[in-house]
Amino acid sequence: MPQPSPTLATRPELFSTPQAEAIKQEICAVGRKLWLRQYVDGNGGNISCRIGPNEVLCTPTMVSKYDLTPEDLCLVDLEGNQLAGRERRTSEIFLHLEIFKANPEVKAVLHCHPPHATAHAITHTVPDYLTLPEFEVFVGKVPITPYATPGTAEFARTVIPFVKHHNTALLANHGIVCWGDTVTHAEWYAEVLETYCWTMLLARQLGAPITYFNAEQVEGVLGIKRRYGLPDHRLAPREERACTCGPAIEPINALPTAEPSLPEAGSPAFEQLVRTITATVLDKLRNSQTR
Ligand SMILES: [Zn+2]
C-alpha cells in the first residue's frame, strides 16, 4: 500500500542561491558533454540535482542538451510541481524523483541514450561483467528495468528496486539512467558503461575467448569499490540482494561463460550459424585460389 508522502515545505528561493547557480553551470556543462559524446539527440536526455530536502534542479523539456543555459533550468519539488524557472520542466522528472525518494544519499540523476548501452536495453541483455577493473569499480553489474511508457508514474517506479545497491540501470527499450553524489559523477557512470559496452562488442568481434576475473581478482576490485564507498549488490547484506537484484526481465547473458554455447540444431540461430560458417569457408577458398 503506497504511503502518502509527508508534505514538506518548499523553498523556491533556493533556485537563485550561489550553490544553485554553480550547480546550474555544472548541469549545462554535463549536458553539452552528453550531446558531444552522442549520448542524446534531439531534445533527448535529462539531468537533475537535489539542492534541498524538497527541492530539485532539473533540465527543461524540448531543449537540446547542447544548447542548455543556466536560465533554462527549472526547480521542482519532490512531487514534480514546478517551483521556479521560465521553461517547463522535463516530463521525465518522475523517474529522477523516485530515485531521490528511494535513496536520500543520491544527489544527482542523469538519463540518456548512449548507442551501445541502448543496444543492450533493446535486446534485454545486460553486458557481461568481471572483465575490466574500471567498469567493476565504477559501475559493475547493471540491472535492467521492465519496459513502461516513458513519462508515466509506472515507468518512474520501475527503477526503485535497484536504487540502493546500484548506480546505473538499463531502461528496457529506452536508454540508461545513472545516479550519484554529483551530476559530474553520474555522467562518469554513463561514460564508463557506454565505453564498456562498446569495448565488449569489439572484444567479441575478435573471435577469441574472453577472459574473466577469477575469485581472487574479483575480491581485489570489490575491495577498491568498498574504499570508494560505491554501491554494489555484491557488497549488500544477503537478505537485501534478492529484492534489489531480481530483474523483472531475466538477462540472457548475465552469467559469464568461458565458451559460447551452440544454438540448438535446426533452430533459426543454428541455420544462421551454418550459413555464416559456409560463407566464411567459401570466401577463404576463393581468396586462396586467386592468390
Ligand atoms: Zn529517454
Query - GLN217 versus ARG204: modelled label distance in nm, points set 7 Å from Cα along the beta carbon direction - result: 2.0 nm
Report task. Round to a whole angstrom and tell me the spacing of the C-alpha centers of the stretch 159-194 and the stretch 65-116. Result -> 14 Å
Report summary line: proj_area_mean for the stretch 12-245 (convex hull on C-alpha atoms), units nm², value 12.7 nm²
**Report entry** Per-selection metrics, the stretch 72-115 (Cα): Rg and Dmax in Å
**Finding:** 11.3, 34
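Please list 76-82, 183-189 highest first by mean number of surrounding beta-carbon atoms within 10 Å per residue. Walk me through the numbers on the way to the answer.
Working: 76-82: 17.7, 183-189: 21.1.
By packing density, highest mean first, the sequence is 183-189, 76-82.
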Query - Fewest-first sequence of THR61, THR211 by Cβ atoms within 10 Å of each Cβ - result: THR211, THR61
Report task. Starting from the Cα-Cα distance between ALA22 and ARG227, subtract it from 0.36 nm times their residue separation and give me the gain in nm to one decimal. Result -> 71.0 nm
Query - Nitroxide proxy distance, nm - points 7 Å out along Cα→Cβ at ASN103 and THR69 - result: 3.5 nm
Requested in this report: Would you compute the Debye intensity of the stretch 140-208 from its alpha-carbon atoms alone, equal scatterers and no solvent, and pass along log10 I(q)/I(0) at q = 0.23, 0.25, 0.26 Å⁻¹ to two decimals?
Outcome: -1.03, -1.13, -1.17
Report summary line: Quick note on GLU26, GLU92, ordering by fewest other C-beta atoms within 10 Å, gives GLU26, GLU92
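In what sequence do TYR129, TYR66 fall when counting other Cβ within 10 Å, fewest first? It would help to have the intermediate numbers written out before the result.
Details: TYR129 20, TYR66 14.
Starting with the residue having the fewest Cβ neighbours, the order is TYR66, TYR129.
I'd like to compare 42-55, 163-176: which one has the highest average count of other Cβ atoms within 10 Å, and what's the full order after that? Walk me through the intermediate numbers first.
On the way: 42-55: 20.9, 163-176: 22.4.
Put in order of decreasing packing, that is 163-176, 42-55.
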Report task. Calculate, for THR152 and ASN81, the FRET efficiency according to 1/(1 + (r/R0)^6) with r their C-beta to C-beta distance and R0 22 Å; round to the nearest 0.05. Result -> 0.80
Query raised in the report: Cα-Cα over 18 Å: which of LYS65/LYS141; LYS65/LYS164; LYS141/LYS225; LYS107/LYS164; LYS24/LYS164?
Result: LYS65/LYS141; LYS65/LYS164; LYS24/LYS164
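Throughout, read-outs are computed from the coordinates displayed, never taken from laboratory work. Values in this document were obtained by computation on a predicted structure and should not be read as measured data. All Cβ positions, glycine included, derive from the backbone under ideal geometry; neighbour counts span all protein chains shown.
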